[in-house]
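**Student:** Can you keep this structure in mind? I'll have questions shortly.
Readers should treat all values here as calculations from the given coordinates under stated rules, not as data from a laboratory. The model shown is predicted, which means the values in this text are computed figures rather than measured ones. Heads up, the Cβs are rebuilt from the backbone with ideal geometry, glycines too, and the neighbour counts pull from every protein chain shown.
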Amino acid sequence: MRGLAGKAILVTGSSNGIGYAMAQRLVADGTKVLIHGRDQAEIDAACRHLGSATQGMAGDLADPATAQAIVDATVKAFGRIDGLVNNAGIYPRGAIGETTAEFFDHMFAVNTRAPLLCAEAAIRAFRLQKSGGAIVTVGSLNAWCGASNLTVYSMSKGALMTMTRNLADAIGPERIRVNQLNVGWTFTANEDATQQREGRKPGWETQVPVRQAPSGRIMQPEEIAAHTAFWLSDESAPVSGQVYEVEQFPVVGRL
């Protein structure tokens, strides 16, 4: 991808899954990447595999201080920060009528508050550098429809669309772009484990209904990573404030 080489990017939740695929793609495109996650051993393994263009830092995004800490770590490791991917998120199930304050608060702390705090920390760094920058936030198609056991998760992702548009409107004149990918059903090790716990058989990802996967399969992390690289790159400039549906079908009238 043109317009990425030499940039320094922070990808939250990048020690495994979709975030790891993003980091892998960005390194291949010539960027330096700060690998973030909660498990130091996973982070170390990711950095070893991806090579010298990466550095790692562990941190729980439920802790408000983590956002500034990982942005600072990116600047310390690479001398600057050019982009942020708000990828980290959690998706525990919860039944209607059984939501606790603790469940709600933890979901919003990680999925909604943390992306805002990370974005603001990155914006402060961009301003100090007088460099502009790019922020890509990973939302979810569930923001539009949800599911009976994902109501709080869907709410937490829906709020990100409002955040993205408001940030983009506020800081566009500073050459800081903010866009969002509403990602559809994607195969990861965690998603595979979740689906098998809920009764699906191995190989389920190629046997989902055509309505949900017209291509005959759900998406792969590498495909999400390609879209992320584009929105971080100079090739997508000056577009900002967009919520982009990464899915196989038109959302309106389908969900």
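**Student:** The range 162-245: which GluC sites (Glu not before Pro) are DSSP loop and have at most 10 other beta-carbon atoms within 10 angstrom?
**Tutor:** Of the GluC sites (Glu not before Pro), the ones in loops of the range 162-245 whose Cβ has at most 10 other Cβ atoms within 10 Å are 198.
**Student:** Now for a different question. By its C-alpha gyration tensor, with a ≥ b ≥ c as the square roots of the eigenvalues, how is the range 59-113 shaped: rounded for a/c under 1.5, else prolate for a/b larger than b/c, else oblate?
**Tutor:** It comes out prolate by the Cα gyration axes.
**Student:** Same structure, new question: Rounded to two decimals, what is the ratio between the C-alpha radius of gyration of the chain and 2.2 N^0.38 Å?
**Tutor:** Values: Rg = 17.5 Å, N = 255, 2.2 N^0.38 = 18.1 Å.
Dividing the Cα Rg of the chain by 2.2 N^0.38 Å gives 0.97.
**Student:** How much FRET efficiency would the formula 1/(1 + (r/R0)^6) give for residue 63 and residue 217, where r is the Cβ-Cβ distance and R0 is 30 Å, rounded to 0.05?
**Tutor:** That gives a FRET efficiency of 0.20.
**Student:** What distance in nm separates the two pseudo spin-label positions at residue 237 and residue 96, each 7 Å out from Cα along the beta-carbon direction?
**Tutor:** According to this spin-label approximation, the distance is 4.7 nm.
**Student:** I need the P(r) histogram for the range 85-149: all alpha carbon pairs, bin width 10 Å from 0 out to the longest distance, whole percents.
**Tutor:** Over the range 85-149, the share of Cα pairs per 10 Å bin runs 18, 41, 25, 12, 3 percent.
**Student:** Measuring from centroid to centroid over Cα atoms, what is the spacing of the range 1-76 and the range 210-255 in Å?
**Tutor:** Centre-to-centre (Cα) distance: 21 Å.
**Student:** Could you tell me which of the pairs 7/76; 32/157; 157/201 are separated by over 18 angstrom between their Cα atoms in the structure shown? Before the final figure, lay out each step's value.
**Tutor:** Values: 7/76 14 Å; 32/157 28 Å; 157/201 28 Å.
Over 18 Å Cα-Cα: 32/157; 157/201.
**Student:** I would also like to ask the following. What does the convex hull of the Cα atoms of the range 1-110 come to per residue, in Å³, rounded to a whole number?
**Tutor:** Numbers: hull volume 11.3 nm³, N = 110.
Here the figure is 103 Å³ per residue.
**Student:** Next question, about the same structure. Within a 10 angstrom radius of the beta carbon, how do 76, 201 rank from fewest other beta carbons to most?
**Tutor:** Fewest-to-most Cβ neighbours within 10 Å comes out as 201, 76.
**Student:** Oh, and also: Pick out which of 112, 194, 54 has the largest mean-square fluctuation in a Gaussian network model of the chain, springs linking Cα atoms closer than 10 Å.
**Tutor:** Among 112, 194, 54, the largest mean-square fluctuation in the Gaussian network model of the chain belongs to 194.
**Student:** Want the number for residue 49 to residue 206: 0.36 nm per residue separation, take away the alpha-carbon distance, what's left?
**Tutor:** Working: separation 157, 0.36 × 157 = 56.52 nm, distance 2.82 nm.
Working it through step by step, the gained length comes to 53.7 nm.
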